[in-house]
1. Any residue in the range 143-164 that is in contact (Cβ under 8 Å) with a residue 40 or more places away in the chain sitting within a Cβ distance under 9 Å of a residue that is among the polar types (S, T, N, Q) and more than 9 Å from the ligand (Cβ to nearest atom)? List the pairs, counting only those 6 or more apart or interchain.
2. Show me the helices (runs of 4 or more DSSP H) found entirely inside the range 27-112 where at least 1 residues are at pLDDT below 90, within 19 Å of the chain's Cα centre (by Cα) and of a type outside the set (D, E, K, R).
3. Out of Val92, Val73, report the one residue that is touching a helix residue (DSSP H, G or I) at 6+ places or on another chain (Cβ under 9 Å) and closer than 28 Å to Val188 by Cβ.
4. Please enumerate the residues belonging to the range 133-166 that are away from the ligand (no atom under 13 Å from the Cβ) and more than 25 Å from Glu227 (Cα to Cα).
5. If we keep just the residues of the range 144-162 that are polar (S, T, N, Q) and surrounded by 15 or more Cβ atoms within 10 Å (Cβ to Cβ), which is farthest from Arg191 (Cα to Cα)?
6. Return the residue satisfying two criteria in turn: it lies in the range 121-152 and is assigned to a helix (DSSP H, G or I) and under 29 Å from Gly210 (Cα atoms), and of such residues it is farthest from the chain's Cα centre (by Cα).
7. Does the range 178-186 contain at least one residue that is buried (at least 17 other Cβ atoms within 10 Å of the Cβ) and not charged (D, E, K, R)?
8. If you go through the range 196-210 one residue at a time, how many are touching a residue at least 12 places away in the same chain (Cβ under 8 Å) and in a helix (DSSP H, G or I)?
Amino acid sequence: MTAGLRRRERGRLSNYGNRGETMGKNIVLLGPPGAGKGTQGQRLAEKLDEPHIASGDIFRQLRGQDTPLAQKVKGYMERGEYVPDDLTIRVVLERLSQPDARQGFILDGFPRTEPQAQALDNSGRSVDVALYINAPVDVLVERISRRYTCPKCHAIYEASRRSPKKEMTCDVCGAPLERRADDAPEVVRPRLQTYLDKTRPLVDYYERLGTLVEIDGAQTIEVVEREVDRALRLPAG
Ligand SMILES: [Zn+2]
């Protein structure tokens, strides 16, 4: 299973090592649904004491704001239009300027395009590590089809791998879990392919810069954790 994935860890992170142990880390998470990106993002946020910033959450928060920037972005969202890169970048940089993200951040769902990635690197908050957690499409489809989500707090569970303590009940908030209709294999497969196609230029971009670390997400969660920690030079555990 691992043979199909390219490994790019060796000899990487040369810039990043110079920042020293005590400084924050600017991390971008890349990876298709089902590869375990969200799990690692949350875990790293706790371990590094940095915010795990999902782009979807930033845009949801904008709904309650009344700044000129928020108004502009909401206009696009309400019309169901794609928010242009320059606006998206401003929104994300604004979020990264908040106190909790000053030492470092874990971005999830941004950047989505190469111009966005370049803008972030040119903003003074350049990315130390782009962590790409990937797995073969068949593995992802299998996992997603065994997935349950909490409709209330959006926690994700997976039969046999990340099952809740009490059957079909959310560990976090106690709500009954649901299986999502769009997690069916015939819907998931094209969605994954689209994701992989769109992400390719970003993966190539970070690889050119030498900041890409690819982790084989088909492995057990414990092994993935260990490899992520090693790649980020974090102490184990
Ligand atoms: Zn819940």
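The values are calculated or read from the model by the stated rules, or taken from the named source; none is laboratory data. Nothing here was measured: the structure is a model prediction, and the numbers come from that model. Virtual Cβ from ideal backbone geometry, glycine too; neighbours counted across all protein chains shown.
1. Ile156/Thr39; Arg161/Thr220; Arg162/Thr39
2. 37-48, 55-62
3. Of Val92, Val73, the one residue that is touching a helix residue (DSSP H, G or I) at 6+ places or on another chain (Cβ under 9 Å) and closer than 28 Å to Val188 by Cβ is Val92.
4. First pass over the range 133-166, keeping only residues away from the ligand (no atom under 13 Å from the Cβ): 133-147, 158-163.
Selection gives Ser145 alone.
5. Thr149
6. Of the residues in the range 121-152, the ones assigned to a helix (DSSP H, G or I) are 121, 137-145.
Next, only the ones that are under 29 Å from Gly210 (Cα atoms) stay: 121, 137-140.
On the way: Asp121: 17, Val137: 17, Asp138: 20, Val139: 18, Leu140: 15 Å.
My answer is Asp138.
7. At the first step, the residues of the range 178-186 found to be buried (at least 17 other Cβ atoms within 10 Å of the Cβ) are 183.
Filter once more, keeping what is not charged (D, E, K, R): none.
Looking for residues that are buried (at least 17 other Cβ atoms within 10 Å of the Cβ) and not charged (D, E, K, R), one finds none in the range 178-186, hence no.
8. Initial filter on the range 196-210 (touching a residue at least 12 places away in the same chain (Cβ under 8 Å)): 196, 198-199, 201-203, 205-207, 209-210.
Of the ones still in play, those that are also in a helix (DSSP H, G or I) are 196, 198-199, 201-203, 205-207, 209.
The total comes to 10.
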